[in-house]
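Notes follow the structure.
Since every read-out is calculated from the coordinates, none of them should be taken as a lab result. All of these numbers come straight from a predicted model, not from anything done at the bench. Using ideal geometry, Cβ is built from the backbone for each residue, glycine included, and neighbour counts are taken over all protein chains shown.
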Ligand SMILES: Cc1cc2nc3c(=O)[nH]c(=O)nc-3n(C[C@H](O)[C@H](O)[C@H](O)COP(=O)(O)OP(=O)(O)OC[C@H]3O[C@@H](n4cnc5c(N)ncnc54)[C@H](O)[C@@H]3O)c2cc1C
């Protein structure tokens with residue numbers, strides 16, 4: 001039997017951060033991870049797939065986020081600014097965009113007057129019904145689905161208000177990719193005696209006050225006096241024997257019920273590398289009249305609607321993005337078909353023949369996060385019930401079971417690496433307090 005002070009399930013940002021805090025205080029920690037690699041939804045694809053490291057999962061630091069930036073600094077990892085022009089293809093025209101949401105000032109004014117939360121769709125139906133607001137409604141739907149990966153029929157208006165009021169224009173990318181931060185945490189933990197078990201999927205947890213026995217798909221058993229669970233929200237929303245879901249004995253019925261009240265959306269991320277920056281070519285300029293050499297973002301209504309470059313860095317990589325209910329609708333589509341769909345979408349946006357793009361393509365990969373059994377989605381979003389449900393999910397059980405992960409972070413950065421790191425740190429502090 002493998003014994004430890006603490007077992008952590010999941011070697012993503014939350015689990016690694018918690019393990020780091022715990023082993024710094026002298027705890028013997030074992031981390032059980034279903035994948036063969038650390039990082040979870042942080043997954044930097046290294047060369048030779050592409051000529052530079054490219055992000056299949058998390059990519060941006062969305063603002064001056066304290067924990068992420070201090071960790072990057074501690075690890076000696078620099079960051080690069082991520083900015084540039086925003087463009088939108090509407091009909092046959094590509095034009096520069098100023099904001100993401102139309103009539104944003106009016107929208108925020110009405111949102112501030114709101115006394116009781118409701119789904120954003122109901123809010124729009126109530127306050128912006130008229131045809132004069134049609135463009136605004138469409139831009140909000142696009143943003144909520146595309147950025148928050150959320151369903152407008154469930155997404156909380158209060159949470160979106162908080163997000164839009166606090167929007168930070170500064171964005172960064174960790175130099176060398178987010179994996180550098182994950183490797184730093186992994187090494188720091190390993191050097192302090194933490195043991196990692198990869199390709200070990202936890203299937204069952206048998207617990208009583210002061211003791212948790214954890215069973216994996218390999219037939220291994222691990223025992224500790226405290227257990228931290230950091231699996232993604234969507235794995236709480238499915239039931240064993242679904243891969244990745246965990247059977248608790250005795251059951252945690254209140255947590256399973258609470259998880260269903262929260263929201264998690266899907267994302268399909270498309271990574272393309274071309275021989276040249278084809279979107280800046282003379283052919284594209286002539287066909288669209290647009291000079292995309294400063295473009296960071298290109299939005300459209302194509303099946304794969306959103307694309308971005310590595311601006312301001314020069315790179316021949318282009319990233320495609322499909323999120324929310326539209327990504328969910330394509331969850332079972334084979335990667336070959338998704339690749340074809342992506343090429344066609346991009347060809348339409350750039351007014352280029354698909355074959356031309358295909359000839360220029362030197363590398364491609366598709367990441368369908370909702371189809372990934374150990375994620376079953378990309379990140380959580382706030383529903384009207386999330387705040388209450390999250391309190392139930394976070395609450396430790398008998399000083400023995402503890403819970404973390406990006407969806408279990410109580411702050412404005414939900415769904416981010418910052419949220420995951422913060423939740424891991426918070427859980428580690430609870431565990432240390434409860435052992436005193
Ligand atoms: C496509 C995409 C783009 C994103 N973009 C950004 C971005 O730009 N900026 C940003 O800040 N955030 C972004 N995010 C969100 C960010 O990646 C996540 O919020 C964060 O990485 C989640 O960390 P976590 O530790 O909570 O969960 P995870 O990283 O999912 O870690 C949980 C771990 O548990 C493991 N696991 C699951 N089930 C079991 C089991 N039964 N037994 C053992 N192990 C198990 C999983 O394999 C996983 O490694 C993005 C996410 C995606 C998918």
Relative contact order (%) - region 197-331, alpha-carbon pairs under 8 angstrom, separation at least six: 19
At residue 75 and residue 102, where each label point lies 7 Å from the Cα along Cα→Cβ, what is the point-to-point distance in nanometres? 4.1
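Within 10 Å, count the other beta carbons around each residue, average over each peptide in 183-191, 99-107, and list them highest first. Intermediate values should be presented prior to the final figure.
Working: 183-191: 17.7, 99-107: 15.2.
Ranking the peptides 183-191, 99-107 by packing returns 183-191, 99-107.
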Translational D (Stokes-Einstein, µm²/s) of the chain at 4 °C and 1.567 mPa s when Rh comes from the Kirkwood sum over C-alpha pairs? 57
Treat each spin label as a single point 7 Å out from the Cα along the C-beta direction, and report the residue 64 to residue 113 distance in nm. 3.4
By how many degrees, between 0 and 90 and to the nearest 10, does the Cα long axis of helix 134-146 differ from the longest principal axis of the chain? 40
FRET efficiency (residue 221, residue 251; Cβ distance; R0 25 Å; to 0.05) is 0.80
Return a whole-number percent for the relative contact order of the chain, with Cα pairs under 8 Å and 6 or more residues apart as the contact set. 24
Compute the long axis of helix 179-191 from its Cα atoms, compare it with the longest principal axis of the Cα atoms of the chain, and write down the angle in degrees, 0 to 90, nearest 10. 10
Mean residue ellipticity (222 nm) of the chain, computed from DSSP H runs ≥ 4 via -39,500 (n - 2.57), nearest 500: -10000 deg cm²/dmol
Could you tell me the relative contact order of region 63-147? Use alpha-carbon pairs under 8 Å, at least six residues apart, and round to a whole percent. 24
Simple SL model, points at 7 angstrom along Cα→Cβ for residue 260 and residue 49; separation in nm is 3.6
Roughly how tilted is helix 104-113, in degrees to the nearest 10 and between 0 and 90, from the longest Cα axis of the chain? 40
Taking a label point 7 Å from the Cα of residue 153 along Cα-to-Cβ, the residues of region 322-349 whose backbone nitrogen sits under 20 Å from it are 323-332
Enclosed volume per residue, in Å³, of the convex hull spanned by Cα atoms of region 151-242: 212
Quickly rank 216-227, 360-371, 397-408 as a protection proxy: mean count of other C-beta atoms within 10 Å, highest first. 397-408, 360-371, 216-227
Quick check on the exposure proxy: order 35, 79, 138 from fewest to most C-beta atoms within 10 angstrom. 138, 79, 35
If the chain between residue 125 and residue 190 were fully extended at 0.36 nm per residue, the gain over the current Cα-Cα distance would be 18.1 nm
